[in-house]
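Everything on this sheet refers to the single structure shown next.
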2 protein chains.
Amino acid sequence: MSFERGQDGTTLLESLSSASRAPGNSSSVESIDFDVYESQTNLSKGTSRTGRTVLQSSLKWMAIALVGLATGSVASGIDYGIEFLTKSRFGLIKSLINAGCSSTVLVLVHLVLCTSLAGIAAGLVCFVSPYAAGSGIPEVKSRLNGVDLPVVAPRTLVAKACGVLFSVSAGLPCGKEGPMIHSGAIMGALFARLTTRLEPHSLLHEMDLRDFIAAGGAAGVAAAFGAPVGGVLFALEEGASFWNPQVLLQTLLCSSVAALTLNLFLGGVDSSGFGTLGALGVLTFGSYFESNATSYHIWELPFFIALGIVGGLMGAAFNALNVPLSLWRMRNVGAAGVKRFCEAAVVAAIIALIFIVPPLLLNSCYVTDVKQYKHDSLSITCVPSEHHYDSTLGLFMTPSEDAIKVLFHDPEPFHSGLLMMFGLVYFALACWTYGLGVPSGLFVPSLLSGAVLGRLIGQAVHTVGAVAPAGMYSMVGAAASLAGMARITVSLAVIIVEATGNTQYIIPILFAVMIAKAVGDLFNEGIYDIHIHLKHVPFLESDAKVQLCNEKVSKVMTRQVESLRSAESLERLSFLMQTSHNAFPVVDGTGSLLGMLSRSVLADVARECPEGLETEGPEAVDLKPYVNLGSYSIHESATVRRAYALFRSMGLRHLPVVGHGGILKGIVTRRDFLEHLTRCAV
Amino acid sequence: MSFERGQDGTTLLESLSSASRAPGNSSSVESIDFDVYESQTNLSKGTSRTGRTVLQSSLKWMAIALVGLATGSVASGIDYGIEFLTKSRFGLIKSLINAGCSSTVLVLVHLVLCTSLAGIAAGLVCFVSPYAAGSGIPEVKSRLNGVDLPVVAPRTLVAKACGVLFSVSAGLPCGKEGPMIHSGAIMGALFARLTTRLEPHSLLHEMDLRDFIAAGGAAGVAAAFGAPVGGVLFALEEGASFWNPQVLLQTLLCSSVAALTLNLFLGGVDSSGFGTLGALGVLTFGSYFESNATSYHIWELPFFIALGIVGGLMGAAFNALNVPLSLWRMRNVGAAGVKRFCEAAVVAAIIALIFIVPPLLLNSCYVTDVKQYKHDSLSITCVPSEHHYDSTLGLFMTPSEDAIKVLFHDPEPFHSGLLMMFGLVYFALACWTYGLGVPSGLFVPSLLSGAVLGRLIGQAVHTVGAVAPAGMYSMVGAAASLAGMARITVSLAVIIVEATGNTQYIIPILFAVMIAKAVGDLFNEGIYDIHIHLKHVPFLESDAKVQLCNEKVSKVMTRQVESLRSAESLERLSFLMQTSHNAFPVVDGTGSLLGMLSRSVLADVARECPEGLETEGPEAVDLKPYVNLGSYSIHESATVRRAYALFRSMGLRHLPVVGHGGILKGIVTRRDFLEHLTRCAV
């Protein structure tokens, strides 16, 4: 029963103390307390109450709807921007082809265009907000878990939303969806703060801010894929650490408004006239109404399950490869600055080269034809011209989202060898891109890699007489690949259904994603969790997901605690304000716990002192009215499992541990649990 | 701060003490403790651990899949049975028509057939298991909340699964989905118990049993509508009180297997040959691939929203009307026995009469034609024959599920007057039916009432040039009506999408269900919650949903507590075993709380006494090794809100309240909270 803390938990301990190396200049990562502070003062002022007037409640729901509207509008803007930039880029190349320019000139112009676009994206990350890099999902997930990262700043929104427009238009193997989720989350935080300013009592506590962020994130998914239900489920499955029926409704409203906004703006693009909703043309991954979706046969199920297995392996491989690369980047490139900018520019140039050169070299092809998908894409016809060489080589120069559409829907078979080559090249480049200093989502690259895999297997199964079209194998493969990487299941299945309008293949998709997740989990964590850990974020998993030892909480707690008496001298108060602690246990003369006093409340008390405060004896301040008297505590003989469940479920920041007679014995925080978890895992 | 318990909480208190009048012969309704019991003995034996070996884990997942398989098979059996019985019923009438029988004979035969079928269903409820009545959703929901109702007995499964086959075939305005959910939940409980018998350590605690029941319930929805994702969401939104990522995956697997099983069995029916999956023909509410789904215009959105409002009002009216009827039934009919049987038979006869007589009387019609839907249904052609009279009158004699299909898909307009008459009659009869002594689901009747409403509004909007087909208005109306009654949102939207294969109208559906829920909530609770309260079930809502006063928990707790010393005499132990309490706080000499000792553990101790036990002093038993030492407790100065959150989140059965120095002050249970809630609401 001796005090073993820190003995063998050094790895994570080091990690935690090195959290200052994370982007931003926070000297250490702090946690957020989602618990309601119920001191006598607060209770009498009514600031701790959870009820709201009708006006306050309406204001809150209106704000939620506005988050959806804003997120949908930003997403539509990004969509239009990407379309415009991509069309311009291809348009320039096309006019050069028409003008009879040589391949060398084409390659050079292509290089310059792609690198410049990627450079703008990288500039926004490296010189405006380092938190705009990557997908943003790990950051939002951490914030929702109660880790106080500065990830929801308006500055980051600008860098992220503008940045993703350029990184996707640059032809990088990345998607817009992660950044859209992050943008939505920031919108949520913004509107929550605006609402509080408008009517201070309409939103209360950290909880409401958190739930607004979750709703905004869901709206981001909804707007990225036109998938309102998928957005809600993604927030539930991957994003939010806290969930209740109220949050479900808020998130659903926010998602629905975002999807409606997107549908309204994009409906206009698709020539059916502004105001047309529910048009099949706006489905992100193309509609199967006009194409060849049919039923499938029970004997094809093992192939779909095999896709799940391979998708899981692919995802695990992606995650495993990305770790050393990310570590290398953290050591040698850093989170911001010129070095990171240069890396992004160089990598973008190399990727642009890789995507255009092999098709040119192969069989001495030359650029002749432009094939029409949603955007224009360049397709490179070979001599001797063969149709499937043509469309397969075209994939190299097609924007990723459109390439997914082609693989899902094209009834013509692709050239298997070239398709496999494309898949491998794309997979490698996507892995290289993730972690680069540009806003970059992972959904689309992972879906595309899986779509290639599915198409290959589908075409192979067709030689023995598959019933399902190869495009459907592609769809199942895409789902499996993303599930293998991100370890999401039901939300992904719904996103695919909403983005294709096809519910017929829901059962194969569900089996594929469940199996891909199970297979991936054998090897490593999901990519978002990996990046959370790489960034040394003190993230607390659901207590159903972690394996805790049967140790007593007394072996885990911090024993050196600065505590206060219920009547305390001003000197002691000012001394404690110098420390870095964020809450102090208040005890009586016998050392028995009375409750917790938070630093911010203490600061208020110290500021207002000595006037207006009841003082007991000379220079002593009566703290009782300010103490959170009923705060949760745990007995020292409770297991860590039990303490963790309480801490995690209630969203606490500090949990005092008491012994017999209510005597304060120590305190447990997020980090004590994480150290214990590391020790257990050893 | 005086002890006010029971002063004005009498209404609910009476309700609670009269819970013995609920079906079954439990003398009082007990709660379930989902918390892990961590005494020294348990910890050293390892029976409290949450980890599992690979074998135990595989066994658990296999059992979950088997629950899905069994639920899917039972659901397929019910589907086949309903099809067979309905076809036989119509077939007999048809042959009588062909033989030239008079209308009187037809009506009489119809009456006898319907009443006999309903009689079988009622017999199973009244004489086999009273818990088989109604939808079963309130019962399953209560069980998942931690109320120990005997609702998951195998006997109930037989009565429910067989019963619903007959009640639906009898042409009653009820559906099969509620009973399928209940059947699935019972399957979950059965397989959980089987698994525990096979390998005692593979499933642990009440938690696993609970999660198996939730998964089974989800599989029931999945099998009822071919909606695997809808099933998971229904369990999440309406069924389960406890949820975590692990439960999500289990539920998803169970649902997917159930949907696959159903798809496999039903695929064979639809002439495409056994083994065909994903065929559009098996979609519960018909596919829009072959029909006329198109996009809609933004100006139609207000009409969809209006459907949401009217749907909400309709649902609230249904619920309001059902309350006095249910109370009357509880007082005058009872939960089982001959009275209840007779009521069911009489009501079934009247309903059968109402459905056949008006079409016969109207415009001196006579039965001439039989129109083909999925099942055959009788359509009554009038003189002079007009097409829309024909198809509108046909609705009266069409099985409810097929009537929904017709309203969703028929491109021909219906006769508005007759349609409205049908809607009103059907709505009234559905309300009369719910609570009758037969297994009867509410989804289908509510969807059908809403489909009529939607079709009426859709046809009206078409006179001013609607873009969306009237069938789509019907679909949105159906969703709104069910949301107004059951107050479910996202799960319902997904069920509709999965049951029609149409994602185009997801946004109008989402808005309609959100608005219907909001409107309905202005008037009363959802129908399942109403029935939970009518049955006096001590149900604990999520703490986000209840409005708790700012009272201290000390005003709510029970002060008279039978407590134990850590070393206690055998006499005292045997005395306490005579009481009805299910756990006892253990205190030391000063009255300071050590932990909780459960009745079952105490019983074991008493049984094994005196041999093998450490005894302290003459006749004293050392209880310490058996006490759940770290059990949660709450400080008396904590608010009720805080205590409720802890109690509800952790699934506790008893929460000891301590004062300063850890002195035991009282205990709070489910009923103390419920009394407080009633008092707050006054």
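The values are calculated or read from the model by the stated rules, or taken from the named source; none is laboratory data. Fair warning: this is a prediction, and the values are worked out from it, not measured in the lab. Methodologically, a virtual Cβ is constructed for each residue, glycine included, from the backbone with ideal geometry; neighbour enumeration extends over all protein chains shown. For the accessible areas, the whole protein counts, side chains as well, though only heavy atoms, and no ligand, DNA or RNA atoms are used. Shrake-Rupley method; radii C 1.70, N 1.55, O 1.52, S 1.80 Å.
Quick look at the values:
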| quantity | calculated |
| --- | --- |
| Chain pair B, A: total accessible area buried, heavy atoms, 1.4 Å probe, Å² | 7000 |
| Cα-based Rg / Dmax (Å) for the range A:52-280 | 19.3, 71 |
| Model label zone, A:Asp148; criterion: amide N under 17 Å from point 7 Å along Cα-to-beta-carbon; scope the range A:509-545 | A:537-540 |
| The range A:543-682 - Rg and Dmax from Cα coordinates, angstrom | 16.3, 55 |
| Where labels lie 7 Å past Cα in the beta-carbon direction, separation of B:Ala320 and A:Lys339 in nm | 7.0 |
| Per residue Cα convex hull volume in Å³ - calculated over chain A | 159 |
| Over chain A, relative contact order from alpha-carbon pairs under 8 Å, at least 6 apart, % | 18 |
| Per-residue mean of C-beta atoms belonging to partner chains within 10 Å, peptide B:652-660 | 1 |
| Surface share of carbon and sulfur [accessible, 1.4 angstrom probe, percent] for the protein assembly as shown | 62 |
| 7 Å along Cα→Cβ, label-point gaps from B:Leu570 to other copies, nm, shortest first | 6.7 |
| Where the range B:45-130 is the region considered: accessible area per residue in Å², 1.4 Å probe | 43 |
| Total lysine pairs under 20 Å (Cα atoms) in the range A:52-280, excluding pairs fewer than 8 apart on one chain | 4 |
| Rounded FRET efficiency, nearest 0.05, which uses the C-beta distance separating A:Glu83 from A:Ser44 and R0 of 60 Å | 0.55 |
| R0 of 30 Å, Cβ-Cβ distance A:Phe523-A:Ile350: FRET efficiency to nearest 0.05 | 0.60 |
| For A:Ser57, inter-copy label distances in nm, listed shortest first [label point 7 Å out on the Cα-Cβ vector] | 4.5 |
| Value of relative contact order over the range A:553-681, rounded to a whole percent, pairs C-alpha under 8 Å and six or more apart | 32 |
| Value at 222 nm in deg cm²/dmol, rounded to 500, when DSSP H runs of n ≥ 4 in chain A each add -39,500 (n - 2.57) | -19000 deg cm²/dmol |
| Cleavage-rule hits, trypsin sites (Lys or Arg not before Pro), the range A:498-545, DSSP coil, Cβ neighbours within 10 Å at most 15 | A:Lys545 |
| Centre separation in Å (Cα based) which lies between the range A:247-266 and the range A:562-607 | 45 |
| 10 Å Cβ neighbours from other chains, averaged over peptide B:226-235 | 4 |
| Calculated Rg and Dmax of the protein assembly as shown using C-alpha coordinates, Å | 32.5, 108 |
| Separation of alpha-carbon centers, the range B:98-167 and the range A:502-540, rounded to whole Å | 43 |
| Percentage relative contact order, the range B:51-271, counting C-alpha pairs under 8 Å, at least six apart | 29 |
| For B:Leu594, residues with placed amide H under 5 Å, excluding near neighbours | B:Val586, B:Val587, B:Asp588 |
| Label point 7 Å beyond Cα along the C-beta direction, distances from B:Leu522 to other copies (nm, shortest first) | 5.7 |
| Average partner coverage of B:244-256, which counts Cβ from other chains inside 10 Å | 5 |
| Heavy atoms of B:Val105 accessible to a 1.4 Å probe, total area in Å² rounded to 10 | 60 |
| Neighbour cut-off at most 13 other Cβ (10 Å), DSSP loop, trypsin sites (Lys or Arg not before Pro), the range B:151-237 | none |
| Per residue, in Å², the accessible surface of the range A:553-681 once ligands and nucleic acids are set aside, probe 1.4 Å | 36 |
| Förster radius 41 Å - calculated FRET efficiency between A:Ile309 and B:Cys680, Cβ distance, rounded to 0.05 | 0.15 |
| Counted charge near B:Glu30, where neighbours are those whose Cβ lies closer than 13 Å (Asp, Glu -1; Lys, Arg +1) | +2 |
| Span-rule helices in chain B, defined as complete DSSP H runs reaching 18 Å or more along the axis (Cα) with Kyte mean at least 0.5 | B:54-98, B:103-123, B:154-169, B:177-198, B:205-225, B:245-269, B:301-332, B:338-361, B:416-433, B:443-462, B:470-486, B:506-523 |
| Proximal charge balance of B:Ser580 [Cβ under 11 Å; K/R count +1, D/E count -1] | -1 |
